[in-house]
1. Only one of these is under 15 Å from the mean Cα position of the chain (by Cα) and open to solvent by 10 Å² or more (accessible area, probe 1.4 Å): B:L230, B:L252, B:L213. Name it.
2. List the helices (runs of 4 or more DSSP H) inside the range A:1-91, counting only whole elements, that have at least 3 residues being more than 13 Å from chain B (Cβ to nearest Cβ) and surrounded by 15 or more Cβ atoms within 10 Å (Cβ to Cβ).
3. Can you run down the residue pairs with Cβ atoms below 9 Å, 6 or more apart or on separate chains, where the first is in the range B:310-321 and facing chain A (nearest Cβ under 10 Å) and open to solvent by less than 10 Å² (accessible area, probe 1.4 Å) and the partner is among the charged types (D, E, K, R) and part of a strand (DSSP E or B)?
4. Can you go through B:W421, B:W344 and tell me which one is within 13 Å of chain A (Cβ to nearest Cβ), assigned to a loop (DSSP other than H, G, I, E, B) and under 22 Å from B:E293 (Cβ atoms)?
5. So which residues in the range B:42-95 are more than 15 Å from B:S119 (Cβ to Cβ), assigned to a helix (DSSP H, G or I) and more than 14 Å from chain A (Cβ to nearest Cβ), if there are any at all?
6. Quick one: is B:G285 crowded, with 18+ Cβ neighbours inside 10 Å and farther than 26 Å from B:K76 by Cβ?
7. In this structure, is B:N99 of a type in the set (S, T, N, Q), open to solvent by 20 Å² or more (accessible area, probe 1.4 Å) and out of contact with any strand residue (DSSP E or B) (no Cβ under 9 Å at 6 or more places or on another chain)?
8. Is it the case, given these coordinates, that A:T113 is touching a Ser or Thr at 6+ places or on another chain (Cβ under 8 Å) and either farther than 24 Å from B:Y169 by Cα or within 12 Å of chain B (Cβ to nearest Cβ) (or both)?
Amino acid sequence: MIAQETLTPEEMAEIDHEIALVPMRRAAAIEALKIVQHHRGWISDDSLQAIAGYLEISPEELDSVATFYNLVFRRPVGRNVILLCDSISCYVMGYEKIYGQIRERLGISFGQTTPDGRFTLLPNACLGTCDHAPALMINNELFRDLTEESLDEILDRYH
Amino acid sequence: METPLTQHISFDRPCYNLRDYEKNGGYQALRKALSLSPESITNTVQASDLKGRGGAGFNTGMKWSFVPMNGHYPVKYLIANADEMEPGTFKDRMLMEGNPHQLIEGMIISAFAIQANISYIFLRWAYKKAGRLLTHAMEEAYAAGYLGKNILGTGYNLEMYLHTGVGRYICGEETALLNALEGKRATPRAKPPFPQVSGLFGKPTIVNNVETLCNIPHIINNGPDWFKSLGKGNDAGTKIYGVSGRVKRPGLWELPMGVSMRELIEDCAGGMANGYRFRGALPGGASTDFLVEEHLDINLDYKSVAAAGSRLGTGTMIILDDHTCPVGFVHNLEHFFAQESCGWCTPCREGLPWTEKILLSIERGEGRPEDLQLLETHTRLLGPGNTFCALAPGAMEPLQSALKYFREDFEKHIDQKKCPWR
């Protein structure tokens, strides 16, 4: 299969920077996936082929890496990604109520994106802020000690 | 009471920059270490009885002593394991957000002790603030000559890089972490060879937990006897203990190693929240056995917790209260472990989802009496010695102890064909 997309000069420059830090091209695989996802929002089959070609590994091998990690998105995501912690401390402190409220408010369950592309909702393992459970992240922002009131206010900040 | 790890941490102000850190004694330990022989640093750390704070509890100096020092290995690596992802664990985040230079200084000394010239911080993606602060602190350390070529004029060179992961619990397992750093799937490696001899890119490598490395400057400054005197019972030093769940004040505290469980829960965390009763706790993260009321007076050191049938693990405790269903609690844990299994070996890949399904059916009131026997069989089949790494045996620890201490709650679900908590 021939790649339908190529990497942009900017993406290549960033990947080259990572390749220079490791003894072999393929060792930059995860960094390359992060870089392209940062620019394109997710990793399409075409993007995957382009990265694999650039790193001189097979697309299958790169896909086995891409699908292994929780935060490499192999499907398109919304403009904002909600990562709701569903691990034990948040379970004890009632994350299920927060989940219920998000479902009601946005009409999406785990793994789904709102029809307007505003939010994707994903479950996430322990966010490491257990003394302030329940917690979630939206994009790069952490929100803790969630309550029904604070959740509404937080969601309103994202468009 | 001395609190070396947190004495310069306060979240009421920005964390110390390089100048503040130096004013408070920062990088003095590095200056001292660089005047010593690498072997004598390793000996000092070994004599201090510092044990790995990531969960396994192995003597840190002894781990370092397995790195070949005969000059035949020009490339060696030192890695800080900052992939904190054990559910219920949040201590390394505090150390990195509170005082990033302490970790960096600990890493430089440790790298010098094994004569490594390249070091990595393997950081969890979710720790954005820690990532920003560490990046800035590393820049300061480079500019001041604590990192890079010819450190403080001694001829010793060390590069330090920050690697941010893309999320997978198994990356915390040290050989899986090495595969992730090599750009591969994070499946654990067979041991031997141990990473100390053949680690990252086949070179001698030491992987240490963040809290472990943060202890190093203090041991170099004050000596092994001082470090030992900090502990209360069987173990040396202080420990960052944590409590989460339905207590009055969830949080983290630096306490003498070996403080009692009762002191931690009642004095530090303020006891149970109003209206909630204590039923049990996982003392050191999701992959440790439950301790219950009869254990409240045990000391939280490696040996005492093991004698009570559990593990100190990461030292961050998760409380089970009487409003929370123990079956639902354990189901949540096994869901996590099943999802995070790397899939490499069969007992873990197949056994964990099966365990999760049985627990879910019991929780939904669809359990059969023979399911408890089936779960017990799993705790043996997925136990130590049957799997490639410690993930599945760790996953079985809360389950096997829940079946022991909360058996009648499991039976009630099956008898009543519903969860009594719902």
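1. Every option except B:L252 fails the conditions.
2. Because the criterion is at least 3 residues that are more than 13 Å from chain B (Cβ to nearest Cβ) and surrounded by 15 or more Cβ atoms within 10 Å (Cβ to Cβ), the helices (runs of 4 or more DSSP H) in the range A:1-91 that meet it are A:9-19, A:45-55.
3. B:I319/B:R279; B:L320/B:R279; B:D321/B:R279
4. Answer to the check: B:W421.
5. B:T42, B:N43, B:T44, B:V45, B:Q46, B:A47, B:S48, B:T60, B:G61, B:M62, B:K63, B:S65, listed by residue number.
6. Against the criterion (crowded, with 18+ Cβ neighbours inside 10 Å and farther than 26 Å from B:K76 by Cβ), B:G285 qualifies.
7. So B:N99 fails the test.
8. So A:T113 passes the test.
The values are calculated or read from the model by the stated rules, or taken from the named source; none is laboratory data. None of the values given here were measured: they were computed from a predicted structure. When we count neighbours, we look across all protein chains shown, and the Cβ atoms used for this are built from the backbone with ideal geometry, even at glycine. Just so you know, the surface numbers come from the protein's heavy atoms only, side chains and all, with ligands and any DNA or RNA stripped out. Shrake-Rupley method; radii C 1.70, N 1.55, O 1.52, S 1.80 Å.
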